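Step one of this worksheet: look at the structure below.
We did not get these values from a lab; they are worked out from the coordinates using the rules stated. It should be emphasised that the depicted structure is a prediction, and the values quoted were computed from it without experimental measurement. Please note: Cβ atoms are built from the backbone with ideal geometry, for glycine as well, and neighbour counts cover all protein chains shown.
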Amino acid sequence: MPQQVLAMRDFGYNRAQVRRGQVFTLAGCRNDGGLLRHGHVKAFEGGHTYQCAVCGRVYAAEGFRQRCGDMDGMSEAERLAEQRPTVVERRPAVQLAQGWQR
Ligand SMILES: [Zn+2]
């Protein structure tokens, strides 16, 4: 039975970008178990949800929907800058090194 979960952070999942606070259904991907184990998602127990009017993502709280709407309004460049490394693809060491050169 498909499991509904709540995202605890932003990450890439099943070729889409999942955002913190988002409620979605696990698609049976190979890393589903890892997402739960590492705390990137937790089981959604049900309750009221809020849908983003811009992109259609569903959230467990109004604040997360608000943040999503703000992100949807960003330019593509701003959105890319906001993105965190995905669960499966770690941020390349090169980028990390650049981050420390200030
Ligand atoms: Zn949205």
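Of all residues in the range 39-53, those being part of a loop (DSSP other than H, G, I, E, B) and surrounded by 13 or more Cβ atoms within 10 Å (Cβ to Cβ) number 4. Scanning the range 19-29 for residues that are touching a residue at least 24 places away in the same chain (Cβ under 8 Å) and either assigned to a strand (DSSP E or B) or closer than 18 Å to ALA81 by Cα (or both) yields ARG19, ARG20, GLN22, VAL23, PHE24. Summed over the range 39-74, the residues that are more than 14 Å from ASP10 (Cβ to Cβ), within 10 Å of the ligand (Cβ to nearest atom) and aliphatic (A, V, I, L, M) give a count of 3.
All conditions in (1) touching a residue at least 60 places away in the same chain (Cβ under 8 Å); (2) outside any loop (DSSP other than H, G, I, E, B) hold for PHE64, with the sole exception of (1). Would you pick out the residues in the range 7-19 that are closer than 14 Å to PHE44 by Cβ and crowded, with 18+ Cβ neighbours inside 10 Å? Listed by number, the residues that qualify are ALA7, VAL18.
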